[in-house]
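Right, one structure below, let's go through it.
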Amino acid sequence: MTKEQIRIDMKRKRSALSIVEHREGSRLLHKQLFEIEAYRHCGSLLTYVSFGDEADTRELILRALADHKKVYVPRVDKKEMEFYEIHSLDGLILSKFGILEPEPDSNGMFPAPAATQNHTGDNLMILPGLAFDFSGNRIGYGGGYYDRYLSRYAGTRFVKIAIAFDFQLRDHIPADESDVKVDYIITPARVLSLRPGR
């Protein structure tokens with residue numbers, strides 16, 4: 001299957017989940033995430049705000065804030081994306097795509113690449129996606145925002161995590177040279193660590 005065929009298939013399967021299946025799957029995902037060492041030791045969490053039938057991230061955000069972690073969520077402007085710190089879900093605004101985003105605030109932006117070159121702590125990034133495989137490859141929505149963002153921050157240490165329902169994990173998906181791989185794939189049933197030595 002091509003990337004576009006996989007996107008269509010995954011969207012169809014995800015939209016077929018019942019409210020109960022979606023809620024329970026998201027709850028189990030969160031439980032798995034909160035138990036991994038990378039989450040416990042991180043100081044900053046960069047995550048999207050879930051939209052539509054994506055696995056829920058709002059409860060994840062609230063838990064991370066309660067755990068006294070810095071939480072950053074993305075704002076898209078044309079072809080670029082920046083992450084801004086939030087202290088609650090209040091105050092987020094709807095983008096033209098219907099996705100909740102923070103107001104732009106230069107004081108709350110995730111530090112520029114030059115300021116993070118020697119950063120020693122882990123920054124956790126939750127990446128959205130429609131399909132993932134056992135090599136850590138990811139099929140996103142086709143905009144390339146995360147690939148471009150992470151290439152700008154090549155010297156910054158990010159632990160990249162995909163959260164997905166079990167059917168979104170496939171044996172193999174097509175990938176390009178520029179596609180960013182994830183370090184963990186977390187589903188309701190498993191935690192797949194792809195980090196060397198972990």
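If we only count strands (runs of 3 or more DSSP E) wholly inside region 1-93, which ones have 2 or more residues that are basic (Lys, Arg)?
Passing ranges, in order: 70-77.
The rows are residues; the columns are (1) surrounded by 20 or more Cβ atoms within 10 Å (Cβ to Cβ); (2) out of contact with any His (no Cβ under 9 Å at 6 or more places or on another chain).
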{"site": "GLY143", "(1), (2)": "no, yes"}
{"site": "ARG152", "(1), (2)": "no, yes"}
{"site": "ILE161", "(1), (2)": "yes, yes"}
{"site": "PHE165", "(1), (2)": "yes, no"}
{"site": "GLN168", "(1), (2)": "yes, yes"}
{"site": "ASP171", "(1), (2)": "no, yes"}
{"site": "ALA175", "(1), (2)": "no, yes"}
{"site": "VAL180", "(1), (2)": "yes, yes"}
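Looking at GLU80, GLU24, GLU85, which one is surrounded by fewer than 18 Cβ atoms within 10 Å (Cβ to Cβ) and free of Cβ contacts under 8 Å to residues at least 40 places away in the same chain?
Exactly one residue qualifies, and that residue is GLU85.
Within the bounds of region 150-172, is there any residue that is closer than 19 Å to TYR48 by Cα and out of contact with any helix residue (DSSP H, G or I) (no Cβ under 9 Å at 6 or more places or on another chain)?
Looking for residues that are closer than 19 Å to TYR48 by Cα and out of contact with any helix residue (DSSP H, G or I) (no Cβ under 9 Å at 6 or more places or on another chain), one finds at least one in region 150-172, hence yes.
Name the pairs whose Cβ atoms lie under 8 Å apart, with the first residue in region 133-159 and over 21 Å from ARG170 (Cα atoms), the second of a type in the set (Ser, Thr, Tyr) and exposed (fewer than 15 other Cβ atoms within 10 Å of the Cβ), and 6 or more positions between them or separate chains?
As it stands, the answer is SER151/SER178; ARG157/THR120, since those pairs meet every condition given.
Select, from SER44, SER18, the only residue that is free of Cβ contacts under 8 Å to residues at least 60 places away in the same chain and of a type in the set (Ser, Thr, Tyr).
Residue meeting the stated conditions: SER18.
From the set of residues in region 109-132 that are at pLDDT 80 or above and not in a loop (DSSP other than H, G, I, E, B), which is farthest from ARG157 (Cα to Cα)?
Selected residue: ALA131.
The values are calculated or read from the model by the stated rules, or taken from the named source; none is laboratory data. What you see is a predicted model, and the numbers here were worked out from it, not measured in a lab. Cβ: placed from backbone, ideal geometry, glycine included. Neighbour counts: every protein chain shown.
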